[in-house]
Amino acid sequence: TEGFHSVVDSTNQLLLLHGQRRSQRPPDDLHPFGYGRELYFWAFVVALMIFATGAGFSLYEGVLHMLAPEPMENPAINYAVLGAAFLMEGGSWLVALRGFAAEKGDTGWWAAVVRSKDPRTFIVLFEDSAAMAGLAFAAIGIFLAQATGDPRWDGAASIAIGLLLAGVAWLLARESKALLIGERADPALIAAVRDAVERRREVTGVNEVLTIHLAPESIFVALSVDFVDSVAV
């Protein structure tokens with residue numbers, strides 16, 4: 001299960017890189033506002049991949065090994081593989097954690113995820129966190145199977161990993177869907193735009209400021225503005 005989880009994670013990173021490259025294409029006649037939201041589409045695909053393949057395969061393997069358990073022949077190999085995986089995954093997790101911590105600033109962790117307009121940061125962090133927890137589940141399952149002589153613990157660990165991945169996939173899908181549909185800019189940025197326009201001498205008032213993220217660093221702004229009578233149309 002953890003081996004397949006690693007394959008899914010690696011594939012997802014490639015999909016995010018693909019989405020990042022395609023989102024950076026310049027505007028054209030067909031897409032005058034550019035391709036920035038393509039990154040959000042591929043982020044949603046990654047969430048579906050985690051649910052359909054990672055969680056689905058883990059649950060399938062877990063149920064299969066619960067119904068037809070197989071005794072372990074050499075648990076030492078399992079511990080060695082999990083230990084090496086923990087070191088490599090831990091390095092990736094630390095990089096993702098530091099990057100997201102630097103981006104969020106003083107904002108709380110969950111609030112930063114909700115407010116983030118760049119799915120690359122929190123998807124990688126969530127995936128790596130799930131991978132670390134999955135490795136721990138696998139190690140516990142192997143230990144219990146070895147200690148009790150009941151190999152069904154191995155299947156139970158696989159089911160736990162599947163449920164964990166399903167939960168992570170649901171969270172990522174929810175956040176990616178919100179970005180894909182279109183989220184407003186940060187309220188502080190909206191207030192700054194309103195203030196900048198209202199301070200102009202030819203403006204008597206700003207009614208509405210509507211914003212939508214076209215990409216993590218690209219925002220479309222539509223304003224309803226009242227001008228002084230002397231301004232020519």
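Across the range 132-182, the mean sequence separation of Cα contacts (distance under 8 Å, 6 or more residues apart), normalised by length, yields a relative contact order of 30 percent. Taking every alpha-carbon pair within the range 138-233, the share separated by more than 23 Å comes to 58 percent. How large, in percent, is the carbon and sulfur part of the accessible surface of the range 98-155 at a probe radius of 1.4 Å? On the range 98-155, the fraction of accessible area on carbon and sulfur atoms equals 61 percent. When the Cα positions of W93, S176, L210 are compared along the charge dipole of the chain, L210 comes out farthest toward the positive end, with charges on each C-beta of Lys, Arg, Asp and Glu. Let me make sure I get this right: for the range 27-107, a, b and c are the square roots of the gyration tensor eigenvalues over alpha carbons, sorted descending. Under 1.5 in a/c it's rounded, otherwise prolate if a/b > b/c, else oblate. Which is it? Verdict is oblate for the range 27-107. Note on Rg and Dmax of the Cα atoms in Å: of the candidates (1) 22.3, 68; (2) 23.7, 88; (3) 17.4, 57, the value calculated from this structure sits at (2). Hydrophobic, long helices, defined as DSSP H runs whose alpha-carbon span along the helix axis is 20 Å or greater and whose mean Kyte-Doolittle value is at least 0.5, occur in the chain at 75-104, 119-148, 152-181. In this Cβ point-charge picture (+1 for Lys and Arg, -1 for Asp and Glu), the chain has a dipole of about 340 debye about its Cα centre. For the range 1-148, the relative contact order is 28 percent, taking Cα pairs closer than 8 Å that sit 6 or more residues apart in sequence and dividing their mean separation by the residue count.
Residue ranges 92-99, 156-163, 210-217 sort as 156-163, 210-217, 92-99 when ordered by packing (mean number of other C-beta atoms within 10 Å per residue, highest first).
Accessible surface comparison of F57, F122, F33, probe 1.4 Å, protein chains only, largest first: the order is F33, F57, F122.
The values are calculated or read from the model by the stated rules, or taken from the named source; none is laboratory data. Computed from a prediction, not measured in an experiment: that's the story for all the values here. Every residue, glycine as well, gets a Cβ built from its backbone with ideal geometry; the counts of neighbours run over all protein chains shown. In case anyone asks, the SASA skips ligands and DNA or RNA and just uses the protein heavy atoms, side chains included. Shrake-Rupley method; radii C 1.70, N 1.55, O 1.52, S 1.80 Å.
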